[in-house]
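As structure tokens, the structure follows; a few thoughts come after it.
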Amino acid sequence: MNTVNGLPAHVLLVHAVVVLLPLSALLLVLTALSPAIRRRLAGPNAILSVLVVLLVPLTTSAGEWLESRVPQTATLHTHTELGDGAIFYALPIAALALVVWWRQREAHAGSGRRTFLAPLSSAVTTVVAVLALLVGAAGVYGIYRIGDSGAKAAWSSGVSQSRSGRD
């Protein structure tokens, strides 16, 4: 999928990643820190974060297609290099979101069932929460850097600084 309605797919897909990855990172932190939020949103966030993992390669692939059709600049090169790392922000968020969901599921599965991720251990919960904070913050910052470099690549060379093109 390289175009949608005549527009480069990257331009459309990137908006989904720029919104959904930070949202999944925020929900990861909230579900890791709050049992009430965890009960309600751990499952939906696990689904959302896996969706983001699937969207990232689609977005970068569409970006590579677009890259071959625009003038090559240093800012574009920076953006593509940063964009290649987006999956390394999405994967840890998704992995931890799945861990938080699974621990929540195990905690409410009832007695007599075997557990694997120590759902009642406060030490494990603390480690997961700290990891969620670190991974979530890194993901938001990384996507910000990628998006900022993409905006600079798209807008720095062909757009006038004034409203009308005349000062």
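Express in whole angstrom the spacing between the alpha-carbon centres of segment 1-53 and segment 72-94.
Between the Cα centres of segment 1-53 and segment 72-94 lies a distance of 17 Å.
Which whole-number percent gives the relative contact order of the chain, counting Cα pairs below 8 Å spaced six or more residues apart?
32
Compute the acute angle (0 to 90°) between the alpha-carbon long axis of helix 122-155 and the principal axis of greatest extent of the alpha-carbon atoms of the chain; round to the nearest 10°.
Between helix and principal axis, roughly 10 degrees.
Using the alpha-carbon atoms, what tilt in degrees (0 to 90, nearest 10) does helix 87-107 show relative to the longest principal axis of the chain?
20
Rounded, prolate or oblate: pick one for segment 1-99, where a ≥ b ≥ c are the square roots of the eigenvalues of its C-alpha gyration tensor, a/c under 1.5 means rounded, and failing that, prolate if a/b is larger than b/c, else oblate.
It is prolate, given that a/c is not under 1.5 and a/b is the larger ratio.
Can you list the trypsin sites (Lys or Arg not before Pro) in segment 94-142 that are in a DSSP coil and have 12 or fewer other beta carbons within 10 angstrom?
Values: sites: R103, R105, R113, R114; in loops: R113, R114.
Sites meeting the loop and neighbour criteria: R113, R114.
What size of dipole, in debye to the nearest 20, comes out for the chain about its Cα centre when the only charges are +1 on Lys and Arg C-beta atoms and -1 on Asp and Glu C-beta atoms?
Values: 12 positive and 7 negative charges, 142 e Å.
In debye, rounded to 20, the chain gives about 680.
Here are some values of volume of the Cα convex hull per residue in Å³: [x] 101; [y] 143; [z] 113. Which one was computed from this structure?
Matching entry in [x] 101; [y] 143; [z] 113: [y].
Nearest 10 degrees is fine. How inclined is helix 35-67 to the longest principal axis of the chain, computing both from alpha carbons?
It is inclined by approximately 30 degrees.
Read-outs throughout are calculated quantities, based only on the coordinates presented, and are distinct from any laboratory measurement. What you are looking at is a predicted structure, and each value in this text was computed from that prediction instead of being measured. All Cβ positions, even for glycine, are placed from backbone atoms using ideal geometry, and neighbour counts span all protein chains on display.
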